[in-house]
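Data block below; observations after.
The values are calculated or read from the model by the stated rules, or taken from the named source; none is laboratory data. Fair warning: this is a prediction, and the values are worked out from it, not measured in the lab. Neighbour counts are summed over all protein chains in view; Cβ atoms, including those assigned to glycine, are modelled from backbone coordinates with ideal geometry. Keep in mind that these areas ignore ligands, DNA and RNA; they rest on the heavy atoms of the full protein, side chains included. Shrake-Rupley method; radii C 1.70, N 1.55, O 1.52, S 1.80 Å.
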Amino acid sequence: MTSPSALTRIPYNALEDLLAAIFERHGTSPGVARVLARNCASAQRDGAMSHGVFRIPGYLSTLKSGWVNGTAVPAVEDLAPGFVAVDAGNGFAQPALEAARDLVTRKARANGIAMVAIRNSHHFAALWPDVEPFAQEGLVALAFVNSMACVVPHGGSKPLFGTNPISFAAPRAGADPLVFDLATSAMAHGDVQIAARQGESLPEGCGVDADGKPTCDPAEVLNGGALLPFGGHKGSALSMMVELLAAALTGGNFSFEFDWSPYPGAKTPWTGELVIVIDPSRGAGRDFAKRTETLVQEMGWAGQARQPGDRRYQQRAEALAQGVVIGEEELAHLRELASDR
Ligand code: NDP
Ligand code: PYC
């Protein structure tokens, strides 16, 4: 859906409502539609383009294929003082997290730490929306999700890991939370797709072709090739950790364990997600948000002018004031999708 057509702007709420109408019309329950629409519209608002409206065709083809259950009702299990599990029922991970949000927040505040282990779930989105709201409430949060086998482990020759992002959010005194969200692959798969669509080359060191040879051609990576972890053996180790936390610990699939070939059009990885929530006020970190601020200031004085999350917050402020940027043709197509089957 990335289009070279002229750009226009749409108010954030109108975009969220439009996306909710599309999801509902294409097979999700109203509740799931609202959660996915908020997630996708927020990504578009913040300029996280690889996971904004660009993802709508993939969501819809997946729903149509029967690979995911758009009306699943997550089953929340209170397993231990610090452990909440959710069976997403072959539905999306975000509604599952939403269903567990109050319980895990209460547990984190009571115990100092708690986690939500989501299994039998599909995650097709940016990860920062899963952690940022906790930090807005003064909590620290980390999230891990695995995806589909398209990354060769360091030194290996065949794809095994997913693009496996990690996100982290910490409260800051007097400022928006400090948030990072990064794929453990050299590039997100979505950005490779966007590069292919726009006829751009990839930076060196991101991918290999079907013969395992280095390539900067996104089409070669997408058609039988694979991505590499970022940072060689270090990113590979982090990706391995994400597989263990998001799949082995939750009861979800590893990125190499599912077969969506009987479901043509299926795009959403059927895996798991782990979210860890920490209440810093329970320990020595009583003034944690001020300490975060001190570190941010020092990073600035050390020459790091831009912190992770800054670009998104700037784009968010602009989008909320002037409207969310979107291609004119893209918007027209979304409006058709909201009324068509
Ligand atoms: P980027 O490399 O674009 O950004 C990674 C992080 O680094 C962001 O927090 C970004 O902040 C920050 N950052 C970027 N440039 C700088 C800089 N110059 N100085 C300081 N900080 C910087 O992200 P990725 O391409 O790795 O991932 C893109 C998205 O894809 C993520 O949202 C991720 O969750 C998603 N994804 C989802 C998957 C899934 O299975 N659901 C799988 C893989 C990826 P800022 O946001 O402000 O730019
Ligand atoms: O961009 O790598 C990616 C991705 C995988 C699943 C959802 N997004």
| said: Please pick out the residue among Val104, Val131, Val116 that is touching a helix residue (DSSP H, G or I) at 6+ places or on another chain (Cβ under 6 Å) and either buried (at least 23 other Cβ atoms within 10 Å of the Cβ) or not in a helix (DSSP H, G or I) (or both). | reply: Val116
| note | The condition of being out of contact with any Leu (no Cβ under 6 Å at 6 or more places or on another chain), open to solvent by 30 Å² or more (accessible area, probe 1.4 Å) and not small (Gly, Ala, Ser) holds, among Glu298, Glu273, only for Glu298
| query | surrounded by 15 or more Cβ atoms within 10 Å (Cβ to Cβ) and touching a Pro at 6+ places or on another chain (Cβ under 6 Å): does that describe Ala246? | reply | no
| field | Identity of the residue in the range 145-166, in a strand (DSSP E or B) and near ligand 1 (Cβ under 10 Å from one of its atoms), that ends up farthest from the chain's Cα centre (by Cα) | value | Val151
| Of all residues in the range 169-194 being hydrophobic (A, V, I, L, M, F, W, C) and more than 9 Å from ligand 1 (Cβ to nearest atom), which is farthest from Gln314 (Cα to Cα)? | Val192
| message | Please list, ordered by residue number, the helices (runs of 4 or more DSSP H) wholly in the range 184-262 having 2 or more residues that are touching an Asp or Glu at 6+ places or on another chain (Cβ under 8 Å). | response | 218-222
| field | Count of the range 29-59 residues which are hydrophobic (A, V, I, L, M, F, W, C) and either closer than 28 Å to Leu103 by Cα or open to solvent by 20 Å² or more (accessible area, probe 1.4 Å) (or both) | value | 9
| query | Considering only the range 167-183, how many residues are open to solvent by less than 20 Å² (accessible area, probe 1.4 Å) and either assigned to a loop (DSSP other than H, G, I, E, B) or touching a Leu at 6+ places or on another chain (Cβ under 6 Å) (or both)? | reply | 2
| note | Those residues of the range 195-221 which are under 30 Å from Gln94 (Cβ atoms) and open to solvent by less than 60 Å² (accessible area, probe 1.4 Å) amount to Ala195, Ala196, Leu202, Cys206, Gly207, Pro218, Val221
